[in-house]
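The values are calculated or read from the model by the stated rules, or taken from the named source; none is laboratory data. Just so it is clear, the model here is predicted, and its values are computed rather than measured. Neighbour counts are summed over all protein chains in view; Cβ atoms, including those assigned to glycine, are modelled from backbone coordinates with ideal geometry.
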Amino acid sequence: MKQFLLAAAFLASTALTVAAEETKNTWAAFKPGSWSVVKMKTVSEMQGQKTESSSETKTTLLEITATEVVLEVESETTSVVAGQAYKSPKTKSTMKQPLKYEGTAQPADPAAPKPETGEEEVSVGGKKVKCKWSKLSFEAAGNKTTSKSTYSDEVPGSMVKMESKTEGTVKSETTMELTAFEAK
């Protein structure tokens, strides 16, 4: 369930397009019936205890109203802790998100690390997708984390791939990857 909530939160957060004063939900660029399937895998180790989890999440756009987008989220998770596998039952829920997020942009912290950015073409389920990516490394609480997010306006939800690796007191590697989609 924890992995499902993390995946749902990540998918929700990637459904935003960055803008100075108004942020529009990227699902709004598609018609109902559009969907994406994301596979996520996390391997972590803390105090000698290794855990692994994997999930597959299908998100489908059900409806767009004047004020919100309505998504159906189906997820299945498997975790391995101390060599014991646990499979969660498949879950299905409805998530409502604002169509637009209003507010003011916060000034950038000049001391904050600057992300590397670029563009690339990625193949998803045999379809070529034009993507943008952002890579950031930072250190906190004795851990160094490097994360790269790849996203595209051509796919529902915009998330194409996310890779994150943490080393230090906690060791963790997480990969989220879009494996299939249909844009209507």
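For Thr23, indicate whether it is within 21 Å of Gly157 (Cβ to Cβ), assigned to a strand (DSSP E or B), among the hydroxyl-bearing types (Ser, Thr, Tyr) and at pLDDT 85 or above. Judged against the criteria, Thr23 is not a match. Taking the listed residues Gly83, Gly142, the one that is at positive phi, touching a Ser or Thr at 6+ places or on another chain (Cβ under 6 Å) and exposed (fewer than 13 other Cβ atoms within 10 Å of the Cβ) is Gly142, with no other qualifying.
Test Lys184 against the criterion of being farther than 26 Å from Glu72 by Cβ, of a type in the set (Lys, Arg), in contact (Cβ under 8 Å) with a residue 12 or more places away in the chain and in contact with a strand residue (DSSP E or B) (Cβ under 9 Å, 6 or more places away or on another chain), and give yes or no.
Working: farther than 26 Å from Glu72 by Cβ: no; of a type in the set (Lys, Arg): yes; in contact (Cβ under 8 Å) with a residue 12 or more places away in the chain: yes; in contact with a strand residue (DSSP E or B) (Cβ under 9 Å, 6 or more places away or on another chain): yes.
Against the criterion (farther than 26 Å from Glu72 by Cβ, of a type in the set (Lys, Arg), in contact (Cβ under 8 Å) with a residue 12 or more places away in the chain and in contact with a strand residue (DSSP E or B) (Cβ under 9 Å, 6 or more places away or on another chain)), Lys184 does not qualify.
Figure legend. Inter-residue proximity from segment 72-83: first residues touching a residue at least 40 places away in the same chain (Cβ under 8 Å) and among the small types (Gly, Ala, Ser), second residues surrounded by 15 or more Cβ atoms within 10 Å (Cβ to Cβ) and assigned to a loop (DSSP other than H, G, I, E, B), beta-carbon distance below 9 Å, spacing 6+ or different chains. Indicated pairs: Ser75/Ser88; Ser79/Ser88.
To keep it simple, each residue is scored yes or no on (1) part of a strand (DSSP E or B); (2) among the polar types (S, T, N, Q); (3) under 25 Å from Val170 (Cβ atoms); (4) modelled with pLDDT of 90 or more.
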position: Leu61; (1), (2), (3), (4): yes, no, no, yes
position: Tyr101; (1), (2), (3), (4): yes, no, no, no
position: Ala111; (1), (2), (3), (4): no, no, yes, no
position: Lys132; (1), (2), (3), (4): yes, no, no, yes
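Here the condition is being in contact with a strand residue (DSSP E or B) (Cβ under 9 Å, 6 or more places away or on another chain), under 24 Å from Trp27 (Cα atoms) and surrounded by 14 or more Cβ atoms within 10 Å (Cβ to Cβ); of Glu163, Glu119, it holds for Glu163 alone. Report yes if Lys41 is touching a residue at least 12 places away in the same chain (Cβ under 8 Å) and exposed (fewer than 13 other Cβ atoms within 10 Å of the Cβ), otherwise no. For Lys41, the condition - touching a residue at least 12 places away in the same chain (Cβ under 8 Å) and exposed (fewer than 13 other Cβ atoms within 10 Å of the Cβ) - is not met.
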